[in-house]
Amino acid sequence: MDAVVAELVGALPDGVVVTAPDALEKYRFDWTHDATAGTPLAAVRAETAEHVQVTMRWASAHGIPVVPRGAGSGLSGGALAVDGGIVLSTERMRAVEIDTASKVAVVEPGALNVEVKRAAAAEGLWYPPDPSSYEICSIGGNIATSAGGLCCVKYGVTTDYVLGLDVVLADGTLVRLGGKRVKDVAGLPLLKLFVGSEGTLGIVTRATLRLVPAQPPVSTVVATFPTVAAAAAAVMELGRTMRASLVELMDHASINAVEDFQPMGLDRDAGALLLIQSDAPGAARADEVAVAIAACEVSGAKEVFATDDPEEGELFVAARRLHFTAIDTRGAVLPEDVGVPIPQLPALLAAVEEIAARHDVEIPVVAHAGDGNTHPAIIYTAGDEDAERRARLAFDEVMATAIGLGGTITGEHGVGRLKVGSLEAQLGPDVMALTRRVKHALDPQGILNPGAGF
Ligand SMILES: Cc1cc2nc3c(=O)[nH]c(=O)nc-3n(C[C@H](O)[C@H](O)[C@H](O)COP(=O)(O)OP(=O)(O)OC[C@H]3O[C@@H](n4cnc5c(N)ncnc54)[C@H](O)[C@@H]3O)c2cc1C
């Protein structure tokens with residue numbers, strides 16, 4: 001073992017640092033399985049914030065890159081290992097404490113989103129942010145990407161729930177920002193600087209998350225449409241008068257990918273499917289269901305179905321959640337996460353169809369449609385060079401199209417390593433320069449997650 005790595009191993013308790021090549025393999029990739037992932041020198045499975053501090057002091061003393069890692073479910077390559085660096089995994093930092101009086105959860109970063117939800121639910125409370133991956137992603141990863149999800153259309157994204165953070169900086173200093181206070185404007189709003197910073201500015205070692213009362217019962221409306229454009233029109237129509245708690249879209253290719261993977265009884269002939277939920281209290285729920293049905297019908301729905309049975313509704317939501325798992329079985333995937341102002345949703349979806357046809361690639365799309373946030377997934381056969389070239393062209397064109405429509409290259413997955421090349425086209429040179437100045441102030445050696453984010 002190299003003497004520098006031996007110094008780290010010696011500074012931390014037995015079993016915290018992993019160096020065996022076999023054991024390191026699982027720390028190289030995130031969900032993108034991107035072949036450019038590097039080979040780390042070691043993985044640190046920190047058990048305490050102090051372990052993270054020791055690691056960062058060592059890394060800054062030796063100028064060694066550190067890739068923070070939660071559960072590795074990222075879809076933008078943000079947690080891919082880099083050659084000659086180390087991976088700092090939070091998988092062992094899992095404590096979750098619920099403070100019912102303050103209505104907050106105090107959470108270590110490696111706790112899975114579902115673990116926070118369960119702990120909150122046990123006290124009659126709710127942690128709303130719900131990425132489709134909520135059973136397999138960590139709160140640290142959610143904070144680092146400001147993860148969104150299905151109910152975010154009504155309840156907001158991760159950043160809306162972060163009240164406090166402990167963050168270990170590149171030099172090992174631990175800063176404590178915010179806390180159990182609902183309102184706090186003392187000093188610069190540094191807390192939010194770290195939310196969505198993709199592990200490039202510091203490592204989150206503890207978070208205080210806002211909780212709300214449990215979600216009221218939901219009713220579900222499922223509608224099929226002859227075209228994606230008609231479904232997108234329905235999203236616009238219902239958004240005029242209704243604040244749904246979920247508005248998800250699956251296009252024809254996504255419906256069929258899910259049915260191929262696991263038959264769920266979805267209509268394979270539909271051009272698109274919309275899934276809408278209302279959790280309005282009391283009689284207002286029936287009113288919202290009526291609004292959703294009318295919006296679908298007036299927009300040309302083929303079939304509209306409504307249910308007040310939460311289990312029946314959950315079956316459709318489960319089908320929607322299966323999308324990413326289903327498409328993963330069809331080939332290599334370049335996952336998009338582009339978002340546009342909601343009126344531009346029909347134009348974006350039409351453009352994606354056109355790009356798929358022109359480059360002769362399969363691009364199933366699901367969308368958090370009520371947020372204008374879409375996930376076109378560009379699928380190609382690994383090892384087929386021409387197919388990969390066409391897929392990469394399509395990937396870049398989808399992002400350029402979103403920017404052209406006043407949108408973003410990423411609504412919730414982060415820039416990671418996959419989308420770095422398209423960021424300046426969205427932000428422009430002045431914002432890029434400002435971003436680099438902030439990075440330099442916090443991490444002058446550039447050791448935190450180099451190559452990710454910007
Ligand atoms: C099937 C599937 C469905 C998905 N659906 C959604 C969805 O609906 N909405 C959504 O937003 N995302 C979704 N994702 C993407 C992914 O789950 C989220 O981005 C999630 O927030 C990543 O969490 P993680 O713990 O897996 O992070 P990782 O993949 O381990 O890391 C993600 C980023 O966070 C950084 N990071 C991790 N922990 C820390 C920390 N403690 N401090 C600082 N930086 C850190 C990493 O360096 C990296 O840049 C989905 C993924 C899959 C596989």
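The values are calculated or read from the model by the stated rules, or taken from the named source; none is laboratory data. This structure is a prediction, so every number in the text was calculated from the model and none was measured. Please note: Cβ atoms are built from the backbone with ideal geometry, for glycine as well, and neighbour counts cover all protein chains shown. Please note that ligands, DNA and RNA were not included when accessible areas were found on the heavy atoms of the full protein model with its side chains. Shrake-Rupley method; radii C 1.70, N 1.55, O 1.52, S 1.80 Å.
Which of the residues that make up the stretch 373-400 are open to solvent by less than 40 Å² (accessible area, probe 1.4 Å), among the small types (Gly, Ala, Ser) and either under 30 Å from Met242 (Cβ atoms) or outside any helix (DSSP H, G or I) (or both)? Within the stretch 373-400, Ala377 is the sole residue that qualifies.
As a summary of the residue check, Asp22 satisfies the conditions (1) within 12 Å of the ligand (Cβ to nearest atom); (2) free of Cβ contacts under 8 Å to residues at least 24 places away in the same chain; (3) not hydroxyl-bearing (Ser, Thr, Tyr) except for the one numbered (1).
Residue count for the stretch 169-194 under the criterion of being farther than 14 Å from Val438 by Cβ, assigned to a loop (DSSP other than H, G, I, E, B) and within 16 Å of the ligand (Cβ to nearest atom): the result is 3.
Taken residue by residue, the stretch 142-149 has no member that is over 22 Å from Leu80 (Cα atoms), modelled with pLDDT of 95 or more, open to solvent by 30 Å² or more (accessible area, probe 1.4 Å) and within 11 Å of the ligand (Cβ to nearest atom).
The helices (runs of 4 or more DSSP H) found entirely in the stretch 248-324 that carry 2 or more residues being touching a residue at least 40 places away in the same chain (Cβ under 8 Å), out of contact with any helix residue (DSSP H, G or I) (no Cβ under 6 Å at 6 or more places or on another chain) and aliphatic (A, V, I, L, M) are 284-298, 310-321. Scanning the stretch 401-432 for residues that are under 21 Å from Ala452 (Cβ atoms) and open to solvent by 50 Å² or more (accessible area, probe 1.4 Å) yields a total of 8. Within the stretch 69-97, residues that are within 12 Å of the ligand (Cβ to nearest atom) reach partners that are at pLDDT below 95 and of a type in the set (D, E, K, R) with beta carbons closer than 6 Å, at six or more positions or on different chains, in the pairs Gly77/Asp34; Leu80/Asp34.
Candidates Ala272, Ala294: the one that is modelled with pLDDT of 95 or more and touching a Leu at 6+ places or on another chain (Cβ under 7 Å) is Ala272.
Selection of the stretch 325-352 for residues being assigned to a helix (DSSP H, G or I) and surrounded by 19 or more Cβ atoms within 10 Å (Cβ to Cβ) yields Ala326, Ile327, Gln344, Leu345, Pro346, Leu348, Leu349, Ala351, Val352.
Taken across the stretch 358-372, residues that are part of a loop (DSSP other than H, G, I, E, B), in contact (Cβ under 8 Å) with a residue 40 or more places away in the chain, open to solvent by 20 Å² or more (accessible area, probe 1.4 Å) and more than 28 Å from Tyr134 (Cβ to Cβ) do not occur at all.
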